[in-house]
Amino acid sequence: MSIKKWIAAAAIVSTVLLGACGNSASKDTASPDYKLTKVSFPLKEKKTLKMISQSAALAPKDPNSKLIFQRLEKDTGVHVDWTNYNSDFAEKRNLDISSGDLPDAIFNAGAGDYDLLTWASNGVIVPVEKLIDQYMPNLKKIFAAHPEYKKLSTAPDGHIYSFPWIEELGQGKESIHTVNDMAWINVKWLKKLGLQMPKTTAELEQVLEAFKTKDPNGNGKADEIPMSFINNGGNEDMKLLYGAFGEGDNDDHTIVENNGKVEFTADKPGYKAATKYFNQLWQKGLIDKEAFEQDWNGLVAKGKANKLGVYFTWDKANITGANDDYDALPVLAGPDGRRHVTRTNGIGFSRDRFVITSANKNLELTAKWVDKMYEPLQSVQNNWGTYGDKKQANIFTLKNGMLHHLPLNGTAPGELRQKTEAAGPLAVLNSYYGKVTTMPDDAKWRLDLMHKTYLPYITNNSIFPKVFFTKKETDRLNKIETDMWDYIYRKRAEWITNGKIDQEWDAYLKELKRVGIDEWLKIKQDGYDKYVKGTD
């Protein structure tokens, strides 16, 4: 089928499906048909595309205030009319969709797989694989060189419904994504108290007791917080230490054994033993009393006030600054002497960064605009920020066509990135470092530290990949996880603060079965097996 016939067919199907849903695209929320063919940039006459987007809290409300989008408009002749949300994005996006007020596209779509498949079946978005083949040479080249990304982007029905975000920083076990919740310990306090770096969980407990009782900050007040975290998974959770007691834990509570078996982590004896260890710390007052209630801002405030002994995050610079007061806590030996690190299932890939809606009448123009995002220099800037901004700090300087990361000079990398990046669809490949861009200093430092500290103790060869499940499977997984995730974190918090895990463990396992852990594991195992078979 030709691209024109395919586009027409998609439009007819979309109109029928949207009508069946009681929706009709507003005349004002999508751009008119410019009747453009053989599009090349910059356009001779400026055109407008209308998009919904989301931005981080520190980002300007209007994305066009960012230099990166101003340059892009100049280079392409495409003006983007943004409806941008800084908060409650999913809710507002869904309200716009349900009302039929469809823009041309959604940038930083934030769509889960169920969203993508539901939008596709309801005619809200269009498949894009033919657009990639005919109008997107940059992304097509990336997919050809890295077929795994095309596979991860492809839905079970064979269509591609969204454009991905790809960021490579190392490969396999050596990827920067292998460990997210790195543990940081106050070495300034260790030195002040004449303590050695702890090497076991028992020694860590002794160090935390000293942090609590011996006034390491020297202000004469018992205001030190020996250990703090945020109890919701993610980078600030303390699950890293669970690895000292067995299989360990990660955000997905899922690991893949080296025999290919998918295992759930939060029902193992080692999980129970680790939770009892944290209860022991809690009983001695060694864990922050607000750890189970605080958010990011609360943890950052304590870090800036120099009150933390041990905490967890991706990069210490965002909590306590890029100084030498904190260092990575070594991998601790547990009660049986084993040192183990549980891999995350993270990779630098997200398949949901940009979707084209059925209201879009300028598919060629839109596809070629999106393909600009996959030009190497543009992708690097989308991911981190840009250069030459005279109004604020810059991430890069441009020298001889190559983007060089500038020293941060104390600026929190996360904050600067929010203010200057575009995010959205992009690809930063390992091959770009040293040719298109330098590796950011903070990333290289973290990667080197992670390799030195954690890599020797990572034994699982594989992670659970970002399998694209069917709509039915995704729906079932989501329903099970809605009950199960909340239950797991609630019980963990209760056991750490109140004990009683021995008395309640059997009931906990029974409840996991009731909410569907066995079915969840089967879906996961089947998905993993199909994925591996498809990549052999």
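The values are calculated or read from the model by the stated rules, or taken from the named source; none is laboratory data. These numbers were taken from a predicted model, which means no experiment stands behind them. Neighbour counts run over all protein chains shown; Cβ positions are idealised from the backbone, glycine included. Protein only, heavy atoms only, side chains kept; ligands, DNA and RNA dropped before computing areas. Shrake-Rupley method; radii C 1.70, N 1.55, O 1.52, S 1.80 Å.
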| Quick check: is even one residue across segment 244-256 farther than 30 Å from Lys533 by Cβ, touching a Leu at 6+ places or on another chain (Cβ under 8 Å) and open to solvent by less than 50 Å² (accessible area, probe 1.4 Å)? | yes
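Listed residues Ile97, Ile52; which is surrounded by 15 or more Cβ atoms within 10 Å (Cβ to Cβ), modelled with pLDDT under 95 and outside any loop (DSSP other than H, G, I, E, B)? Break it down into steps so the answer makes sense when it comes.
Numbers: Ile52 fails: modelled with pLDDT under 95.
Among Ile97, Ile52, only Ile97 is surrounded by 15 or more Cβ atoms within 10 Å (Cβ to Cβ), modelled with pLDDT under 95 and outside any loop (DSSP other than H, G, I, E, B).
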With criteria (1) at negative phi; (2) touching a residue at least 24 places away in the same chain (Cβ under 8 Å), Lys472 comes up short on (2)
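Could you pull out every one of the strands (runs of 3 or more DSSP E) wholly within segment 348-405 that has 3 or more residues that are open to solvent by less than 20 Å² (accessible area, probe 1.4 Å)?
Working: elements: 349-356, 396-399, 402-405.
In segment 348-405, 349-356 are the strands (runs of 3 or more DSSP E) which contain 3 or more residues that are open to solvent by less than 20 Å² (accessible area, probe 1.4 Å).
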Note on segment 66-90: residues modelled with pLDDT of 95 or more and acidic (Asp, Glu) are Glu73, Asp75, Asp81
In the set Gly233, Gly220, the lone residue that is modelled with pLDDT under 95 and open to solvent by less than 10 Å² (accessible area, probe 1.4 Å) is Gly233
- Message: Scan segment 146-156 and tell me whether some residue there is farther than 22 Å from Lys471 by Cβ and in a strand (DSSP E or B).
- Response: no
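In segment 305-347, which residue that is in a loop (DSSP other than H, G, I, E, B) and among the aliphatic types (A, V, I, L, M) is farthest from Ile225 (Cα to Cα)? I'd like the intermediate steps shown before the answer.
As a first pass, look at segment 305-347 and keep what is in a loop (DSSP other than H, G, I, E, B): 305-307, 314-315, 319-325, 329-332, 334-347.
Among the residues that remain, those that are also among the aliphatic types (A, V, I, L, M) are: 305, 319, 322, 329, 331-332, 341, 347.
On the way: Ala305: 11, Ile319: 14, Ala322: 20, Leu329: 16, Val331: 21, Leu332: 20, Val341: 25, Ile347: 33 Å.
Among residues in segment 305-347 that are in a loop (DSSP other than H, G, I, E, B) and among the aliphatic types (A, V, I, L, M), the one farthest from Ile225 (Cα to Cα) is Ile347.
Could you say which residue among Asn108, Asn84, Asn64 is under 16 Å from Gly424 (Cβ atoms), crowded, with 22+ Cβ neighbours inside 10 Å and of a type outside the set (Ser, Thr, Tyr)? Show your work before the answer.
Details: Asn84 fails: crowded, with 22+ Cβ neighbours inside 10 Å; Asn64 fails: crowded, with 22+ Cβ neighbours inside 10 Å.
When all the criteria are applied, what remains is Asn108.
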* Looking only at segment 431-449, decide whether some residue is at pLDDT 95 or above and under 27 Å from Thr154 (Cα atoms). => yes
Just one listed residue, out of Ala266, Ala274, is under 22 Å from Trp505 (Cβ atoms), in contact with a His (Cβ under 6 Å, 6 or more places away or on another chain) and open to solvent by less than 10 Å² (accessible area, probe 1.4 Å), and it is Ala266
For segment 79-132 the number of residues that are aromatic (Phe, Trp, Tyr) and either closer than 30 Å to Glu45 by Cα or free of Cβ contacts under 8 Å to residues at least 12 places away in the same chain (or both) is 3
By residue number, the members of segment 280-339 that are under 30 Å from Asn498 (Cβ atoms) and either acidic (Asp, Glu) or touching a Lys or Arg at 6+ places or on another chain (Cβ under 7 Å) (or both) are Gly285, Leu286, Asp288, Glu290, Glu293, Asp295, Leu308, Val331, Leu332, Ala333, Asp336
Looking across segment 288-297 at residues that are within 20 Å of Glu494 (Cα to Cα) and not hydrophobic (A, V, I, L, M, F, W, C), the single one that is surrounded by the most Cβ atoms within 10 Å (Cβ to Cβ) is Asp288
- Query: In this structure, does Lys191 turn out to be open to solvent by 40 Å² or more (accessible area, probe 1.4 Å), over 16 Å from the mean Cα position of the chain (by Cα) and within 30 Å of Ser121 (Cβ to Cβ)?
  - Reply: no
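Considering only residues that are surrounded by fewer than 21 Cβ atoms within 10 Å (Cβ to Cβ) and in contact with a helix residue (DSSP H, G or I) (Cβ under 7 Å, 6 or more places away or on another chain), look in segment 202-215 and name the one that is nearest to Ile488 (Cα to Cα). Break it down into steps so the answer makes sense when it comes.
In the first step, residues of segment 202-215 are kept if they are surrounded by fewer than 21 Cβ atoms within 10 Å (Cβ to Cβ); the result is 202-203, 205-206, 209-210, 212-215.
Narrowing the set further to residues that are in contact with a helix residue (DSSP H, G or I) (Cβ under 7 Å, 6 or more places away or on another chain) leaves 205, 210, 214.
Numbers: Glu205: 25, Ala210: 31, Lys214: 35 Å.
Among them, the one singled out is Glu205.
Could you tell me which of the residues Val300, Val331 is open to solvent by 10 Å² or more (accessible area, probe 1.4 Å), within 25 Å of the chain's Cα centre (by Cα), of a type in the set (Val, Ile, Thr) and farther than 17 Å from Thr344 by Cα? Can you show your working first?
Details: Val331 fails: farther than 17 Å from Thr344 by Cα.
Exactly one of Val300, Val331 is open to solvent by 10 Å² or more (accessible area, probe 1.4 Å), within 25 Å of the chain's Cα centre (by Cα), of a type in the set (Val, Ile, Thr) and farther than 17 Å from Thr344 by Cα, namely Val300.
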Leu36 passes all but one of the listed conditions (1) of a type outside the set (Ser, Thr, Tyr); (2) more than 28 Å from Trp384 (Cβ to Cβ); (3) open to solvent by 60 Å² or more (accessible area, probe 1.4 Å); (4) at pLDDT 50 or above; the exception is number (3)
Given (1) closer than 24 Å to Ile125 by Cβ; (2) part of a helix (DSSP H, G or I); (3) open to solvent by 60 Å² or more (accessible area, probe 1.4 Å), Phe69 misses just (3)
Looking at segment 413-434, is at least one residue in a loop (DSSP other than H, G, I, E, B) and open to solvent by 60 Å² or more (accessible area, probe 1.4 Å)?
no
